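Student: To start, I am sharing the structure in question, which I have written as structure tokens.
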Amino acid sequence: MRRMMTILVLGAGLQTMPLLAQPGQDPRGDKAAVEAVLARYKTAIETLDGSKMPGLFAPDSEIVENGKLEGSFGDYLAHHLGPELAAFRLFRFSGYAVDVRIEGPVALASERYRFRIEPKSGDAAEREGVTTSVLRRVGESWQIVSMHSSSRKPKP
């Protein structure tokens, strides 16, 4: 009986192994590809160019910012982020760090950063922020499915 349980447990473990590392996949390459998607999004924000963003997000994406469900990325860009970018003269990230974990066709990313916003009129704002993103492999590329970000004034 003990031997049968050992065989069942080992067999179950072998069944789940393909989820962790499928033949022909390069987790380091996937990690770099996910980081590249996030970098393209960050660059689009810094260049205040919303037109470079939509292909980075899945059509069924969901965005949450500072405790508010913004809807799909299309809604977020049209009603929130796009108008903000149009009102900015400058948006700069600093102290950026990202951790990416690949789980089969899904990637989990955690970003930490500071940013400075200079509006076309009014006072500049400095914040520290975090973003958690879930990305899904689509063919050979990755798209953001869920993004949750928040920020606050840096502590003195």
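A short reminder: the numbers here are calculations on the coordinates, not readings from a lab. Not measured: the values here are computed from a predicted model. Neighbour counts run over all protein chains shown; Cβ positions are idealised from the backbone, glycine included.
Student: With the dipole of region 25-152 worked out from charges on the C-beta (+1 for Lys and Arg, -1 for Asp and Glu) around the Cα centre, which of Val130, Ala78, Gln143 lies farthest toward the positive end?
Tutor: Farthest towards the positive end: Val130.
Student: Between Arg92 and Lys68, how high is the FRET efficiency from 1/(1 + (r/R0)^6) when r is the Cβ-Cβ distance and R₀ = 25 Å? Nearest 0.05.
Tutor: For R0 = 25 Å, the calculated efficiency reads 0.55.
Student: Work out how much length Glu118 to Asp49 would gain on full extension: take 0.36 nm times their residue separation and subtract the Cα-Cα distance, in nm to one decimal.
Tutor: Going from the current span to full extension adds 23.3 nm.
Student: Ok, one more. Sort out for me the Cα centre separation of region 104-144 from region 35-84, rounded to whole Å.
Tutor: If we compute the Cα centre of each part, the gap is 9 Å.
Student: Here's a follow-up. Using label points projected 7 Å from each Cα along Cα→Cβ, tell me how many nm separate Glu140 and Val106, to one decimal.
Tutor: 2.6 nm
Student: What ³J(HN,Hα) values, in whole Hz, does the Karplus curve 6.51 cos²θ - 1.76 cosθ + 1.60 give for region 141-156 when θ = phi - 60°, with x put for Gly and Pro?
Tutor: Karplus-based 3J(HN,Hα) across region 141-156 equals 10, 10, 10, 6, 9, 9, 9, 10, 10, 8, 8, 8, 5, x, 6, x Hz.
Student: Based on Cβ point charges of +1 for Lys and Arg and -1 for Asp and Glu, what charge dipole magnitude is obtained for region 20-101 about its Cα centre, in debye rounded to the nearest 20?
Tutor: Using Cβ point charges on Lys, Arg, Asp and Glu, region 20-101 gives about 300 debye.
Student: Per residue of region 86-91, what does 6.51 cos²θ - 1.76 cosθ + 1.60 with θ = phi - 60° give for ³J(HN,Hα)? Whole Hz please, x for Gly and Pro, Karplus curve as stated.
Tutor: 5, 8, 8, 9, 8, 9
Student: With no solvent and one equal point scatterer per Cα, compute the Debye intensity ratio I(q)/I(0) for region 25-152 at 0.11, 0.12, 0.19, 0.21 Å⁻¹ and report its log10, rounded to two decimals.
Tutor: After summing over all Cα pairs, the log10 values are -0.37, -0.44, -1.10, -1.34.
Student: Can you run phi through the Karplus equation (6.51, -1.76, 1.60; θ = phi - 60°) for region 53-65 and list ³J(HN,Hα) in whole Hz, with x for Gly and Pro?
Tutor: Rounded to whole hertz, the list is 9, x, x, 7, 10, 5, x, 9, 5, 9, 10, 10, 10.
Student: Further question on the same structure: Sort Ser150, Ser121, Ser133 so that the residue with the fewest other Cβ atoms within 10 Å of its own Cβ comes first and the one with the most comes last.
Tutor: Fewest to most other Cβ atoms nearby, the residues stand as Ser121, Ser150, Ser133.
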